[in-house]
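Visitor: Pasting in a structure now, in structure tokens, and then I'll have a few things to ask.
The values are calculated or read from the model by the stated rules, or taken from the named source; none is laboratory data. Computed from a prediction, not measured in an experiment: that's the story for all the values here. Neighbour counts are summed over all protein chains in view; Cβ atoms, including those assigned to glycine, are modelled from backbone coordinates with ideal geometry.
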Amino acid sequence: MTSITFIHSDNRSQAVDAADGDSLMLAALTHGVDGITAECGGNAVCATCHVYVDEAWASKLDPVSDDEDALLDGTAAERLPNSRLSCQIKVQPALAGLVVRIPDRQS
């Protein structure tokens with residue numbers, strides 16, 4: 001298990017123990033994290049699992065794919081340099097302590 005902290009748009013924090021190998025989106029849904037709607041179920045077609053990755057962690061993630069990049073252009077909340085789709089982030093021990101912020105809206 002890997003500890004991940006979600007920061008909600010109202011600044012509440014919610015720490016979860018995520019299963020290694022799962023997507024960050026699945027970890028959020030499994031633990032009832034508000035604000036991750038994941039309408040497509042993690043198939044990278046809806047952009048409703050948009051998060052802002054704490055900048056200290058950005059270099060530890062796989063690069064943004066072309067498909068993810070295109071979807072991030074259509075997010076409901078502002079796209080920032082640290083925007084990612086949580087369905088495209090694989091939980092792994094190297095991400096222990098990862099902090100992500102949830103935008104104020106997904107759609």
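Visitor: What is the one condition in (1) modelled with pLDDT of 95 or more; (2) part of a loop (DSSP other than H, G, I, E, B) that Gly42 does not satisfy?
Guide: Exception for Gly42: condition (1).
Visitor: So if I check each of Ser107, Ser83, which one is surrounded by fewer than 20 Cβ atoms within 10 Å (Cβ to Cβ) and hydroxyl-bearing (Ser, Thr, Tyr)?
Guide: Values: Ser83 fails: surrounded by fewer than 20 Cβ atoms within 10 Å (Cβ to Cβ).
Selected residue: Ser107, the only one of Ser107, Ser83 that is surrounded by fewer than 20 Cβ atoms within 10 Å (Cβ to Cβ) and hydroxyl-bearing (Ser, Thr, Tyr).
Visitor: Does Asp62 satisfy being assigned to a loop (DSSP other than H, G, I, E, B), out of contact with any Phe, Trp or Tyr (no Cβ under 9 Å at 6 or more places or on another chain) and at pLDDT below 95? Quick ask: steps written out before the conclusion?
Guide: On the way: assigned to a loop (DSSP other than H, G, I, E, B): yes; out of contact with any Phe, Trp or Tyr (no Cβ under 9 Å at 6 or more places or on another chain): yes; at pLDDT below 95: yes.
When the stated conditions are applied, Asp62 passes them.
Visitor: Out of the residues in the range 1-39 that are among the aliphatic types (A, V, I, L, M) and assigned to a strand (DSSP E or B), which is surrounded by the fewest Cβ atoms within 10 Å (Cβ to Cβ)? Even if it seems obvious, please write down each step before you answer.
Guide: From the range 1-39, those among the aliphatic types (A, V, I, L, M) are 1, 4, 7, 15-16, 18-19, 24-29, 33, 36, 38; that's our starting set.
Okay, now just the ones that are also assigned to a strand (DSSP E or B), so 4, 7, 15-16, 18.
Working: Ile4: 24, Ile7: 17, Ala15: 12, Val16: 19, Ala18: 23.
Out of the qualifying residues, it is Ala15.
Visitor: May I pose another question? Cβ contacts < 6 Å: first residue within 18 Å of His50 (Cβ to Cβ), restricted to the range 14-25; second residue crowded, with 16+ Cβ neighbours inside 10 Å and among the aromatic types (Phe, Trp, Tyr), any location; separation 6+ or different chain. Result?
Guide: If the second residue must be crowded, with 16+ Cβ neighbours inside 10 Å and among the aromatic types (Phe, Trp, Tyr), the pairs left are Gln14/Phe6.
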